[in-house]
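S.K.: Before I ask anything, here is the structure I am working with.
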There are 2 protein chains.
Amino acid sequence: MPRTMIGQMDHSKSPVVGAKRMNGAESLVRTMVKGGVDVCFTNPGTSEMHFVAALDRVPGMRCVLGLFEGVVTGAADGYFRMKGTPASTLLHLGPGLANGLANLHNAKKANSGIVNIVGQHAVYHIGYNAPLTSDIEGLARPMSSWVRTSPDSKSVAADGAAAIAAAKSAPPQIATLILPADTAWNEADGIAEVPAEQQRASYSPQAVEQAAKILHGDGEGTLLLMTGSALSEQGLALAERIAAKTGCTVMGPTFRPKMARGRGRFSIDRIHYVIENALPMLAKFRHIVLVESDDPVAFFAYPNKPSVLRPEGCDVHRMTSWGENSVAALEALAGAVKASAKDVKPQAVQELVKPTGALTHASIAQSIAYAIPENAILVDESLTTGRAFFPPTAAAAPHDWLQNMGGSIGFSTPLSIGAAIACPDRKVITMVGDGSAMYTIQSLWTQARENLNIVTIVFANRIYQILRGEFDNVGAGEPGQRANDMLRLDRPTLDFVALAKGMGVPGRAVTNADEFNKALAEAVAEPGPRLIEVQM
Amino acid sequence: MPRTMIGQMDHSKSPVVGAKRMNGAESLVRTMVKGGVDVCFTNPGTSEMHFVAALDRVPGMRCVLGLFEGVVTGAADGYFRMKGTPASTLLHLGPGLANGLANLHNAKKANSGIVNIVGQHAVYHIGYNAPLTSDIEGLARPMSSWVRTSPDSKSVAADGAAAIAAAKSAPPQIATLILPADTAWNEADGIAEVPAEQQRASYSPQAVEQAAKILHGDGEGTLLLMTGSALSEQGLALAERIAAKTGCTVMGPTFRPKMARGRGRFSIDRIHYVIENALPMLAKFRHIVLVESDDPVAFFAYPNKPSVLRPEGCDVHRMTSWGENSVAALEALAGAVKASAKDVKPQAVQELVKPTGALTHASIAQSIAYAIPENAILVDESLTTGRAFFPPTAAAAPHDWLQNMGGSIGFSTPLSIGAAIACPDRKVITMVGDGSAMYTIQSLWTQARENLNIVTIVFANRIYQILRGEFDNVGAGEPGQRANDMLRLDRPTLDFVALAKGMGVPGRAVTNADEFNKALAEAVAEPGPRLIEVQM
């Protein structure tokens, strides 16, 4: 091919170039690939068929099919958390988007960036109120920060580029682009350029200076409450020095999108989910310095219990906001308080224990800590069973720990798909309760289809145990028969090994620690997805 | 107990009576039971625990747990369609509602009445932006006709009564009542009275007179397009007489919420889903008389194909709107055109065939027609496989046939739950494609838990066949590898017998007509849920 031909097909120099005939769908797919959005989690329908057809003509877009839209949006969240750059989703009109909203809610609360492409009827068809007609923008808004309906095929590429820019902004956004079918099948002008990525916003030196002043004045009375980029290995190491030097405490909020953990890394506590435990944890602090995190509040309100968790009189100082460069800010703070690596006492080596005997919350935690392979990604939706997991896993091989930020359960099995696709060389371990696992159980099929390195551990306690606890917390007394029927999952018993088999994932059930150790070791060693049902 | 005490606890005489101390949740549950809403499909969370606790104290509310909210809302749709009176749902904040929206969309398009109770944070907690905080009213509006957030515990009963009235209005509505947790746990004033049910609206004698005039003038050129209450056994019998007398054609729209079918009942055609087939069906008509139905439009738009299905110059006359008394209108119309039962020729007796040999679309239809028991409820989400089902099942035992009105797939397995609970003495037969079955597969567990008389037939063709057809329809050409990966479900193969086992439903797979006949006969004869995977 002569060079001039190559030149003609290179649209990189101008925002929209019309050298090649293509329809709106193809202009969008090419714009996305060029803009670095080259993974698409899909559950398409008729109105998206031109987009699907364009995939055949455009190289470089990896498409991953989910059998339910909550799988698709949760996977996009996981992809962003591990890759730091957005994936796209492809969803079918209002109801397809609706099915994905719960995990978009979780993604939004995690500050993940996602580009949603939602099909719509052809513009001239919308007014006929056909069965699938609904208010798609209205559905999108509560869980998106950026919403646009593309008006015509000439605008689709530029709108796609704007959606990508929104998803990549600091802080990242859920961007939802609604694509009427005729804008996909009519002729486009070419592809569009995504504006250069914004630099990760810096930080405020004044806010760091103020934090240093607080630490100088009352180190022991100060809590450094960190999340976001501060929970990277580097951020934690800097916080460890600052704590060693000033005597302050470092904690994370109850839930964090991603956190570096394991041997050799600074192990910090998190604010406990149960309010009776959270309040005493914070009682001694006179200052809270926020590093990307928010002023801590209770997950739910309870009769006669407070919403705000910090003690009265405790002041709050924000050092960095979400999307700012917290590692640089922590480095500056360490400099200001003259903290260095020498201030940190070497960690005592904590032995990993391979438990034996009965499955208890403690022995389950030990088994998992023992089995975690180097550089694993742990996706945690274990709720009540998992409350004991933090201490023993601090001694495990270094890993990342991902949690649910929006509180909508059914996030972990989809999230693990996106994490595994973002990091194909790392093992993903999903820890999920039986109740939670059922919301988006269809995830297992995609894990099998894509042969992803995911070990799903289902904790089968046969109850919404968290609700049983909350039933107490709201002061509702002992549940009777009808209330118990809304909490217990034991009639009939869910067989997760059969469910996994139904979707092509090899599984096994374990009933004691030795079986669990063995199953974990094998699952971690083998490539592809595995499921372990832990019968408690 | 002295009579005066009983009198004090009888709140039936006044809108809100405060004789008995109770919290807001209990006042709502008592108001619902008293207002005739005594079935609640639930997937509760923390903020709904007071409501759950109230269930123990209030007799008469049947609660049915679903493991995913799409099961819950779809079941409420099915309950309304068979019972004609609303059930309630109990959903957990914005994401719980979001998970239920797709089947609320379907229910809304079916004109089903539902009372959704959606938990919310305590009013004073909302502003703290805790993880589960979202714009619940914004999420509710696109799929609800009535939305209200209860402001305090004194208002909850009256708001509940208003929601029930909205759900029972003509036409019925999706009513969504958002219940902040503190309105549930604070003290209420008592229960509230639901306003007396509106009479089913009558019909316009002028509109009937006009329809009679059209039939007198051009019977042969007239299409009576009927849905809603006109598709009852009685409505169809009247339409049959009118057609016999005037030479008009009677059809249904492509999809209908419920239709009486089978031996001895007037068998009418439906407008075909595929536009190339729909257009010639309507080409000869000069007049369309709408009986609750709408001017027919294409399900989707396609390049260079029309949205409106009637031929140019064909006029449209509305005889009844949704919620009007179409049976009375048809009776009046029959009178006006002097049609009587004597005009109807006796139907030829059509033999049912028990097929043998290979499974084809035709033999599958014959097997089902043969197996349908008297008074069965058929829930149809068979999409492409099911297109051949209509003609042979016209000769089956009398039954009701329910379809998807909103086009959001994953409606049938939940709908069957509500239908089975509404009609415990009837057998429900769900026909569903493999792709569709996966959206709300969690339904099987509720079917097992409640031991419902539901036979689920999964047509496992291993492809989103409807999309493969649409890929052609939109003129996208032959799918390549990447497009095919978005359409095919054969890698890995879904094993529905294993999935059913995982949720406590006995299942079997069949590969030929003889096995299918046998499996159907046994499943229909046995009580409780069964699943049959038809491997095509």
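S.K.: Picking from A:G70, A:G66, which residue would you name as being closer than 25 Å to B:G435 by Cα, touching a residue at least 24 places away in the same chain (Cβ under 8 Å) and touching a strand residue (DSSP E or B) at 6+ places or on another chain (Cβ under 6 Å)?
M.R.: A:G66
S.K.: How many residues does region A:101-131 contain that are within 9 Å of another protein chain (Cβ to nearest Cβ), farther than 22 Å from A:V156 by Cα and open to solvent by less than 20 Å² (accessible area, probe 1.4 Å)?
M.R.: 7
S.K.: Considering only residues of region A:53-74 that are at the interface with another protein chain (Cβ under 7 Å from one of its Cβ atoms) and over 26 Å from the mean Cα position of the chain (by Cα), which is most open to solvent (accessible area, probe 1.4 Å)?
M.R.: Selected residue: A:D56.
S.K.: Just checking, does region B:392-406 include any residue being over 22 Å from B:G262 (Cβ atoms), buried (at least 23 other Cβ atoms within 10 Å of the Cβ) and in contact with a strand residue (DSSP E or B) (Cβ under 8 Å, 6 or more places away or on another chain)?
M.R.: No, every residue in region B:392-406 fails to be over 22 Å from B:G262 (Cβ atoms), buried (at least 23 other Cβ atoms within 10 Å of the Cβ) and in contact with a strand residue (DSSP E or B) (Cβ under 8 Å, 6 or more places away or on another chain).
S.K.: I'm trying to understand the selection: among the residues of region B:82-100, which are closer than 27 Å to B:L231 by Cα and buried (at least 24 other Cβ atoms within 10 Å of the Cβ)?
M.R.: Answer for region B:82-100, where residues must be closer than 27 Å to B:L231 by Cα and buried (at least 24 other Cβ atoms within 10 Å of the Cβ): B:P86, B:A87, B:S88.
S.K.: Take the residues in region B:452-476 that are of a type in the set (D, E, K, R) and modelled with pLDDT under 85; name whichever of them is nearest to B:V510 (Cα to Cα).
M.R.: B:E470
S.K.: Something else now. Check region B:188-196 and report whether any residue there is part of a helix (DSSP H, G or I) and assigned by TED's automatic domain parsing to the domain that holds B:Q120.
M.R.: no
For (1) within 30 Å of A:V58 (Cβ to Cβ); (2) among the small types (G, A, S), each residue gets a yes or a no:
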site	(1), (2)
A:A184	yes, yes
A:S204	no, yes
A:Q210	no, no
A:L236	no, no
A:T246	no, no
A:G262	no, yes
A:R265	no, no
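S.K.: Return yes or no: is B:N517 more than 9 Å from chain A (Cβ to nearest Cβ), over 24 Å from A:A448 (Cα atoms) and open to solvent by 40 Å² or more (accessible area, probe 1.4 Å)?
M.R.: No.
S.K.: Checking A:R488 against (1) open to solvent by 20 Å² or more (accessible area, probe 1.4 Å); (2) without any contact (Cβ under 8 Å) to a residue 12 or more places away in the chain, only one condition comes out false. Which one?
M.R.: Condition not satisfied by A:R488: (2).
S.K.: Just wondering, is there one or more residues in region A:484-492 that are assigned to a helix (DSSP H, G or I) and within 14 Å of chain B (Cβ to nearest Cβ)?
M.R.: yes
S.K.: Does B:E470 satisfy the criteria of being farther than 30 Å from A:Y439 by Cβ and either more than 7 Å from every other protein chain (Cβ to nearest Cβ) or open to solvent by less than 10 Å² (accessible area, probe 1.4 Å) (or both)?
M.R.: No, not satisfied.
S.K.: Within region A:370-385, take every residue that is part of a loop (DSSP other than H, G, I, E, B) and within 14 Å of chain B (Cβ to nearest Cβ) and give me the one that is most open to solvent (accessible area, probe 1.4 Å).
M.R.: A:L383
S.K.: Then there's this: Hey, among A:M431, A:M438, A:M405, which residue is modelled with pLDDT of 95 or more and over 23 Å from A:A500 (Cα atoms)?
M.R.: Being modelled with pLDDT of 95 or more and over 23 Å from A:A500 (Cα atoms) holds for just one of A:M431, A:M438, A:M405, which is A:M405.
S.K.: Just need a number here: residues in region A:133-157 that are surrounded by 21 or more Cβ atoms within 10 Å (Cβ to Cβ) and of a type in the set (G, A, S).
M.R.: Adding up the residues that qualify gives 6.
S.K.: Next question, about the same structure. I'd like the full set of residues that are buried (at least 16 other Cβ atoms within 10 Å of the Cβ), over 30 Å from B:A371 (Cβ atoms) and more than 30 Å from the chain's Cα centre (by Cα), limited to region B:314-359.
M.R.: Result: B:C314, B:A336, B:V337, B:A339, B:D343.
S.K.: Now a separate question. Name the single residue that is surrounded by the fewest Cβ atoms within 10 Å (Cβ to Cβ) among those in region B:407-420 being of a type outside the set (S, T, Y) and within 14 Å of chain A (Cβ to nearest Cβ).
M.R.: The selected residue is B:G407.
S.K.: Another question about this same structure. So A:V432 fits all but one of (1) buried (at least 24 other Cβ atoms within 10 Å of the Cβ); (2) free of Cβ contacts under 8 Å to residues at least 40 places away in the same chain; (3) not acidic (D, E); what number is the exception?
M.R.: Evaluating A:V432 over (1) buried (at least 24 other Cβ atoms within 10 Å of the Cβ); (2) free of Cβ contacts under 8 Å to residues at least 40 places away in the same chain; (3) not acidic (D, E) leaves (2) as the failure.
S.K.: Counting only residues that are crowded, with 18+ Cβ neighbours inside 10 Å and within 14 Å of another protein chain (Cβ to nearest Cβ), how many does region B:160-204 have?
M.R.: 11
The values are calculated or read from the model by the stated rules, or taken from the named source; none is laboratory data. All values reported here derive from a predicted model rather than from experimental measurement. No Cβ is skipped: glycine too gets one built from the backbone with ideal geometry, and neighbour counts run over all protein chains shown. Surface accessibility is based on the protein's heavy atoms, side chains included, excluding ligands, DNA and RNA. Shrake-Rupley method; radii C 1.70, N 1.55, O 1.52, S 1.80 Å.
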